[in-house]
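To start, the structure under review is shown below, and the notes come after it.
The values are calculated or read from the model by the stated rules, or taken from the named source; none is laboratory data. Keep in mind it's a predicted model, so treat the numbers as computed, not measured. We place every Cβ from the backbone using ideal geometry, glycine too, and count neighbours over all the protein chains shown. Just so you know, the surface numbers come from the protein's heavy atoms only, side chains and all, with ligands and any DNA or RNA stripped out. Shrake-Rupley method; radii C 1.70, N 1.55, O 1.52, S 1.80 Å.
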Amino acid sequence: MANKRVVIDPITRIEGHLRIEVEVDDNNVIQKAYSTATLWRGLETIVKNRDPRDAGFLMQRICGVCTFSHYRAGIEAVEDALGIIPPLNAKLTRTLMNQALFMHDHVVHFYHLHGLDWVDVVSALDANPAKASKEAFKYTDLPIATGEDELKAVKTRVKEFVQRGQLGPFANAYWGHKTYRFTPEQNLILLSHYLKALEVQRDLAKLMALFGGKQPHPQSLTVGGVTCVMDLLDPSRMGEYLTLFKKGAEFIERAYSADVLMAADVYKDEASVTSKAAVMNFMSHQSMQLGRNEHLFDAGIILNGDLTQVHEVNEDLITEEATHAWYSDNEPLHPYDGKTNPNYTGMKAMKTVGANGEMVDSKVIDEKGKYTWIKSPRYDGKAMEVGPLSSILISYAKGNKRIVPLVDAFLKKSGLPLEALFSTLGRTAARMIQAQAIAKHGLETFNNLIENLKVDQETYSSYKIDQDKEYKGRFIGDVPRGMLSHWIRIKNGVVENYQAVVPSTWNAGPVDANGVYGPYEANLVGLKVQDISQPLEIIRVIHSFDPCIACAVHVMDTKGNDLGTYKVEHSFRKVC
Amino acid sequence: MKDNNLYEKLSLRLLELEKLPGLKNNENIKSHLDKNGVSRRDFMKWAGAMTATLGLSANFTPLVAKAATLSDKLPIIWLHMAECTGCSESLLRTDAPTIDSLIFDYISLEYHETLMAAAGWQAEHNLEHAIETHKGKYILMVEGGIPSGNNSFYLTVGGHGNTGETIAQNASEHAAAIFAIGTCSAFGGVQAAHPNPTGAVALSKVTNKTVINVPGCPPSEKNIVGTLFHYILYGTLPALDAYNRPKWAYGLRVHDLCERRGRFDAGEFVEEFGDEGAKKGYCLYKVGCKGPYTFNNCGKNRFNSHTSWPIQAGHGCIGCSEPDFWDKMGPFEEPVANRLFNTPFNGLGADATADKIGVGLLTATGIGIAAHAMISKFKNPKSDEE
C-alpha cells in the first residue's frame, strides 16, 4: 500500500509556528519527514536603514523566549563591527544575565514544554503518595516538593481538576499512550515538579530582571556596555542575585537532575527516546564567560560522531540555501552574501490521517518544491546539529575540566554508555547537564565581578560611529538552543545589511539541493509510531530540540548585494 | 463615577456572575483554595494588591477576591499570531503567592499553544470545541500582529492550512470580550515596522468587534492579569484612551510615575551611559528616554513581581506601548528632539515642549510641569464613563 501522510500542526509547547508532516508505511514506520515553519516576519528587512544602536532592541524581538540571546547578539555584532571592547564589568554582567536565561530556559523546557511528552498526567491519579515519596529518594538524597503530604495535595488537586471535566491546558492530549513509561508514582513526582517549576521559573526570570530591568525583553544593554551600574554598585542587589541564583541552582540539582536521571532509567528501552541521532555532526561556540579569559562551554565541530577529534569552526564555510524554502533564490551563499525574496508557493489539498485514524481533508506541503520559511544552513556542505548536546559533547571531547565530571557522573548514575548521548534522551540530558554546569560554576562569574568592582567601576566604553566609514561585524556564541550568529554591515551610519543564522534554523531547516536532511527531518525518518492518530513519538523527538521557530524564520539581504568581498575574521573577540 | 455607585454596580455584577452555570459543576473555589493550601490570608493579600493595581480603593478588596473566585466561569482562548511569545512568557510571570497556579487552575484556559498538552488535530479540535461550547462567553486574548488580506499566507496554523487572519476573525466573532495582548496585537508591532514586509496589522484591523488593547513589549504581567480581572469585575469594557488602552493602566505617562522625575525637574541628566550621573541615578532623558511620550504604569508596578523596570536598570524607556514606536521613537538612545522621525502625536505640542525643556531649558521646572500636565488633554479619551 502507498504511504499515508500524517500532518501535525500546530506543534504545541514550543516557541513559534511549526508544522511537521510525515509519510508512514503499513507498519507505521516513518519513511519521509518534512519540517515546515508557517510564519514569516521579516525582521532583518525591518532593521535596515536604522540606527545601529537600535539593532539590539529590534533583533531582541525575534524571540521572547530566548529573550536575551538576540538582544546581546544584536548589541555585540555592532560592537564587533565598531571595534568596541566593553569593560569587564559589562561582560560579566552580561554573563550573569545569560546564566539566568539558560537556567530559566532549560527548566521551563524540561517541565512545561517537553515534560508532557514523558509524563502521563492522568496516570498520576493512581499514584500512592507514600510510595512516590520514597521513590523520589532513588534519584537524589534531597528531593524537593515530593513529601508525602505535598504529593497527596498535588494528587487531590489534579484529581478534582480531572473530575470536573475541564482539563484546560491538559485537555485532549495523548494520555494513556503506550509509550508513556513512568509508573503512576513517578508521574506524580514529575507533576509536582511541574507545578513547583512554575514558581521557580518566576524566580529565575527575576534573576535576569535584577540587572535587566525586566524579563522577557530586558533593557539594560547598550552598545559599549551595560546601563545597570546602580544595581551593580548596590550590595543588596547583588545579594538578591546570589539568593535567587542559589534557589534556582538548588532546584536544578535536587529536582531537574534527579528527574532526568529517572527518565533515563525508565525510558532507556523506549525507541523514540533512544534511537540514534541521525545527523552525527555537531557544532558549538564557546559561551558563558566566567572570568577574564575563561568560558564554561567550548567551541568546535564533531564530525560523524567521532569524539576523538574536535575541529575548529571556520566561519567562511557557513552557507544557507533555499531550494526547499519559500524564497526565490536557491543557491548556497555565505551569510554575508545572502539573498532572500519571499516566494510563497502555497499548499495543496490532500487526504491525511485525522484525529481518529480516519482519512480527512487537509492541506499538505509540496515536498518536491518549496515548503517552509526556514532555509537550510550548512557547514562545508554538511548539515549540523546545534544545541546543548553539541555544546556538551564538544566540551567533553575537549576535556573541559568543569564539564567532564558532570557528564561522567550522569553516565555512571544512569548506567548508560557515552554513545547513548547521541539520541533524543541525550539531547534532554545534555540540556540538564548544561543547567547543572551553570548552577555549579556560575558563581565564579559573580565572584569575579565582585572582585573587579573593588578596583574598577567602569560599565561602558565610549565610541563614535563615523558616518563616512563602512563597518562589518558579527556575533557568534552559543545560546540555550545552540550556536547563534548575527552578521551586520553598517554604512552611512545606518544598518545596511543584517542577518541572523540561528540554532533552530540549523536544526529545523528543510532538505537541501543535494538531498541532505536537516536534523529534525533526519531524526524522524525510521521512527516507528505506535498510533498515527496520536503521534506522541514524533512530538517527543521534535521537542528534544526545544524548537524556537520565530527565531529560525528570517530573511537576508533582499537586494542581493555583493557582500562577498568582506573577509570574515576567525577568532571571536577575546576578553579585554 | 462615585465610589459608592461603583461598589454597588460591582456587587450586582458579581451576583450576576454567580448565577451563571459554572464550568466546573458550580464547585466553590474557596474550598479548592483551602484544599490546595492557599491560605485565606495569602489570597486576600493578593486580592489587595490587585485592587490597588486596578486603581480601586482598599474597600473593594473583598469584591476583587470574590471576582477571583468566580473566574472559573470564564473560558479563555489565547491565540498566537505573528509574535515572539514574549507576552505569553510575561503572563507566566504572574506573581503573588501561588497566583500563577491559581490562574492556571481557576481560569479555564481552553487554548494556549505554548502551554497546552494537545498538539495537531487534537489541538485544533480544542479550539473549535471551545468556540462552539462557549459561544459568546469566552474571552479571547490574542498575541501577535496579523499578516492580512493578500499577505495573510505569511501565517497559517493547523492541518487545514487556515490563515492566522481567518482563525483570529473566527475566534473574535464569538468572543464575549477581546483583548489584544502586547504591542504586536494592539498596533501591529515589530513586524509592522517600516517597511512591514508581511503586511502585518493590529487585531482591531481584522475584526469589527471592539478590541481592548493591552500594549507593551511585552506588557507587564500585572497589566495582562489586571485587564482580565477588570473585565470580570465590571462586565463591561473599561474606560479607554484614544488607542483603546485601559486607562487604569495606561492613563499616565511613564514620565509621571518615574522615580527619576525629580532629577529631570532639577536638570540633572545622565550625559553618557556609565558616567557619574548614571551612577547617581540622574534622569535618562538625554540618553534617549521616551518616558514623556509613553503611557504606561511601568514605574508604579514594575516587572517580575516588582523586581525592576528599565529605568531602574539605567536604560531609558523606548516607548514600547505606543503605536508605531519602532518607527517613531528611534533612535532609542537619543532624545526625541534630535531625531528625524515624526513625533508620536504628530507634533501636537506637548511632547515638542517637553523636548525643549529636556534639551534646552534644563532647569525650567515650572514650564516642565505645565507642559507635562498638558499632554493628557490631547489624548481625548473616548469616554470617562464606565
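Counting other Cβ atoms within 10 Å, keep those with at most 15, restrict to DSSP loop, and tell me which trypsin sites (Lys or Arg not before Pro) in segment A:176-217 are left.
Passing both the DSSP loop test and the Cβ count: A:LYS178.
In debye, nearest 20, what is the charge dipole magnitude of segment A:130-198 about its Cα centre with +1 on Lys and Arg Cβ and -1 on Asp and Glu Cβ, if you could check?
Its charge dipole is roughly 240 debye.
Between A:ASN343 and A:ASP329, what length comes free when the chain is fully extended (0.36 nm per residue of separation minus the Cα-Cα distance, one decimal in nm)?
Going from the current span to full extension adds 4.1 nm.
Apply the a/c threshold of 1.5 to the C-alpha gyration tensor of the protein assembly as shown and tell me whether it is rounded, prolate or oblate.
Cα axes put the protein assembly as shown in the rounded bin.
Apply the a/c threshold of 1.5 to the C-alpha gyration tensor of chain A and tell me whether it is rounded, prolate or oblate.
It is oblate, given that a/c is not under 1.5 and a/b is not larger than b/c.
Considering only DSSP beta bridges whose two residues both sit in the protein assembly as shown, what percent are antiparallel, to the nearest 5?
Within the protein assembly as shown, antiparallel bridges account for around 75 percent of the total.
Expected output is a single nm value to one decimal: the length gained when fully extending between A:GLU451 and A:LEU242, i.e. 0.36 nm times separation in residues minus the C-alpha distance. What is it?
Answer, rounded to one decimal: 73.8 nm.
Report, as an integer, the average count of C-beta atoms from other chains found within 10 Å of each Cβ along A:109-118.
So the per-residue partner count for this stretch is 1.
Tabulate in residue order the Karplus-calculated ³J(HN,Hα) for segment A:219-235, using 6.51 cos²θ - 1.76 cosθ + 1.60 with θ = phi - 60°, rounded to whole Hz; enter x for Gly and Pro.
Rounded to whole hertz, the list is 8, 9, 9, 8, 4, x, x, 10, 9, 8, 4, 4, 5, 5, 8, 10, x.
Pick out, in residue order, every one of the chymotrypsin sites (Phe, Trp or Tyr not before Pro) in segment A:113-213 that is DSSP loop and has at most 14 other C-beta atoms within 10 Å; say none if there are none.
Passing both the DSSP loop test and the Cβ count: A:PHE137.
Take a quick pass over segment B:266-332 and tell me how many lysine pairs come in under 21 angstrom between Cα atoms, counting only ones 8 or more apart or on separate chains.
Summing the qualifying lysine pairs gives 6.
Got a sec to turn the phi values of segment A:312-317 into Karplus ³J(HN,Hα) couplings, 6.51 cos²θ - 1.76 cosθ + 1.60 with θ = phi - 60°, whole Hz, x for Gly and Pro?
7, 7, 10, 4, 5, 8
What ³J(HN,Hα) values, in whole Hz, does the Karplus curve 6.51 cos²θ - 1.76 cosθ + 1.60 give for segment A:174-186 when θ = phi - 60°, with x put for Gly and Pro?
Residue by residue, segment A:174-186 yields 8, 4, x, 4, 5, 8, 6, 10, 5, 6, x, 5, 5 Hz.
Rank-order A:258-271, A:65-78, A:369-382, A:348-361 by packing density, defined as the average count of other C-beta atoms within 10 Å over each peptide's residues, highest first.
Packing order, densest peptide first, comes out as A:65-78, A:369-382, A:258-271, A:348-361.
Just the accessible area per residue of the protein assembly as shown, please: how many Å² with a 1.4 Å probe?
Heavy-atom accessible area per residue stands at 32 Å².
Taking square-rooted eigenvalues a ≥ b ≥ c of the alpha carbon gyration tensor, is segment B:206-258 rounded, prolate or oblate, where a/c under 1.5 means rounded and, failing that, a/b exceeding b/c means prolate?
prolate
Can you give the FRET efficiency to the nearest 0.05 for A:ASP380 and A:ARG292, using r as the Cβ-Cβ distance and R₀ = 25 Å?
Plugging the Cβ-Cβ distance into 1/(1 + (r/R0)^6) gives 0.15.
How high is the relative contact order of segment A:4-575, given as a whole-number percent (alpha carbon pairs under 8 Å, six or more residues apart)?
Taking the mean separation of contacting Cα pairs over the length of segment A:4-575, I get 25 percent.
Strictly over 22 Å apart at the Cα level, which of A:LYS246/A:LYS413; A:LYS4/A:LYS528; A:LYS206/A:LYS247; A:LYS351/B:LYS205 would you flag in this model?
In this structure, A:LYS246/A:LYS413; A:LYS351/B:LYS205 exceed 22 Å between Cα atoms.
If Lys and Arg each add +1 and Asp and Glu each add -1, what is the summed charge of the other residues whose beta carbon sits under 13 Å from the beta carbon of A:GLU331?
-2
Sort out for me the Cα centre separation of segment A:480-499 from segment A:27-82, rounded to whole Å.
Rounded to whole Å, the Cα centres lie 10 Å apart.
Once every DSSP H run of n ≥ 4 in chain A is given -39500 (n - 2.57) and the sum is divided by its residues, what mean residue ellipticity at 222 nm do you get, rounded to the nearest 500 deg cm²/dmol?
Dividing the helical sum by the residues of chain A leaves -11500 deg cm²/dmol.
Applying a 10 Å radius around every beta-carbon, put B:308-320, A:26-38 in order of their mean neighbour count, most first.
Ranking, from highest mean packing down: B:308-320, A:26-38.
Looking only at other chains, what is the average number of their beta-carbon atoms within 10 angstrom of each beta-carbon in A:200-207?
Per residue, the number of nearby Cβ atoms from other chains is 5 on average.
Give the interface area between chains B and A as buried accessible surface, both sides summed, probe 1.4 Å, in Å² to the nearest 100.
Roughly 8000 Å².
Using a 1.4 Å probe on the heavy atoms of the protein chains only, list every residue of segment B:181-211 that has 20 Å² or more less accessible area in the complete assembly than in its chain alone.
Residues shielded by partner chains are B:VAL190, B:GLN191, B:HIS194, B:PRO195, B:PRO197, B:THR198.
Suppose we keep just the DSSP beta bridges with both residues in segment A:385-501; what percent of those would be antiparallel, to 5?
The antiparallel fraction comes to roughly 100 percent.
At what distance in nm do the modelled label points of A:ASP265 and A:GLN31 sit from each other, each positioned 7 Å from its Cα along Cα→Cβ?
Between A:ASP265 and A:GLN31, the simple spin-label model gives 4.2 nm.
So, with a 1.4 angstrom probe, what is the percent of accessible area on segment A:176-325 that is carbon and sulfur?
C and S fraction of accessible area: 48 percent.
Taking each residue of B:159-172 in turn, how many C-beta atoms of other protein chains fall within 10 Å of its C-beta, and what is the average?
Taking the mean over all residues of the peptide, I get 3.
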